Amino acid sequence: MDRSGMDGSGPDGSPRPVMERNRGARRPGRGHPAPGRAGVVENSGFEVPRPPAWMRWLPAAYVALVLLLETVTPTEWAVSFLLIALPVVAAYTLGPLSVAAFTAFTLALEGVIAGTPCCTGHNIHQLWENHHVAAYIATALVGILGVALAAHRRRQERHLVRAHSVAEALMRTLLRPVPHQVGHVLAAGLYRSGEVGTMVGGDLYDIRATKTCERAIIGDVRGKGLKAVRTVADILGSFREAAYDQGDLLSVAARMERRLVREAAELRDDELFVTAVLIEYDAVAGEVTIVNHGHIEPVLISDGEVTPLLGPPALPLGLGTLADVTPTAYTHPFAPGDVLLLCTDGLIEARDHDGAFYPLLDRLHHHFTGRPAPGPADVVDFLNTDLPRHTRVFQDDVAILAIAPQPTP
């Protein structure tokens, strides 16, 4: 996964549907599969995951085990009957044609073991004894079932790959790549889904440059997975339209609040809400305006100091009618050399093997103190590398957006 969290674009910049098969098989921050795990691309352009090597070699290992047992056990033991299961073992990883080939090979091997004086010392007349004939028939039937099972497994794999790929393409369309420069700010973003094997989730971010300022949002929808995608689309669509209005940041938040209330009424969900932070950077005034709707406070990295920018709290978007509290905007100086970090709770609530949360402020302070002023990409790269060292399993989506004023020429 690159810094924008949007790897997998085609040559023309359009999303290319590729299912992420195994996050643990990837290097942190990279969007390429580990060596030896490349998938097979079918005619439709979707990438079907390739089984691991031990699974592909399982049928051959099973045959070797049976032959070994046939050699070391007494001749009256019908060890060769274990070969009846070979087509099913092959169907676990191989395709229908390969399973059919393994079935034919199994029948031939059973005949060799049953009645070949030169190889096993058996009488050739034993080849057609009743129990051996029954084994041949059973193997053929199991082989037919194995072929059907392999064909069904292949169809299911393609169906799941298409479903995941379409969902990822949708999410990449919603969470568009964060440009390196947006108006008067530099920016970098990262998205990591809590759903294993896909990037679909309920976290969101975006940044827009208007004629007078730059505006950004980061948010977290209640719930995760496909159920949250609709709300993500509504919130981002509302922000991208309202960000260019002439009103202040509070009016942008109010417009998003109204949209979410309508969405909750359509879904008949009284508990639908989104925690969000809205940011507005004024390059002329050299300050940033913040409106926080129940989200994690932005973190300012300035001169080696790491400071949460606390301000008046407000209810999450969608719950504004529950209390008579008016959201309030607050400002803070924001000069070249500073980096403003926005994140979702999936970052600070990531636990290690002892259950301890990720110490975001301590890790940032330890890494950037005494060093040259970082850029947004430096901060995102550090978190993308440091977070997997803290936790191996991500229980929630993680979204990170870092912005910094463009240095003055």
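A compact table of results
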{"item": "Equivalent ellipsoid semi-axes, the stretch 298-409, via Cα gyration tensor eigenvalues times 5, rooted, Å", "result": "25, 23, 11"}
{"item": "Residue 271 versus residue 64: modelled label distance in nm, points set 7 Å from Cα along the beta carbon direction", "result": "5.4"}
{"item": "Where labels lie 7 Å past Cα in the beta-carbon direction, separation of residue 310 and residue 335 in nm", "result": "2.4"}
{"item": "Cα gyration tensor shape of the stretch 248-307, rounded if a/c is under 1.5, else prolate or oblate by comparing a/b with b/c", "result": "oblate"}
{"item": "Separation between Cα centres of the stretch 310-370 and the stretch 371-386, rounded to whole Å", "result": "17"}
{"item": "Most to least packed among 382-389, 203-210 [average Cβ atoms within 10 Å]", "result": "203-210, 382-389"}
{"item": "Gain upon complete extension [residue 322, residue 151; 0.36 nm per residue less C-alpha separation]", "result": "56.1 nm"}
{"item": "Sites residue 56 and residue 180 - FRET efficiency at Förster radius 41 Å, r taken between beta-carbons, to 0.05", "result": "0.50"}
{"item": "Label-zone membership for the stretch 308-325, site residue 365, 7 angstrom Cα→C-beta point, backbone N under 13 Å", "result": "308"}
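Bear in mind these aren't lab numbers, they're just calculated from the coordinates by the rules spelled out. Bear in mind that the values here come from a model prediction, so they are computed numbers and not experimental data. Every residue, glycine among them, receives a Cβ derived from its backbone with ideal geometry; neighbour counts consider all protein chains shown.
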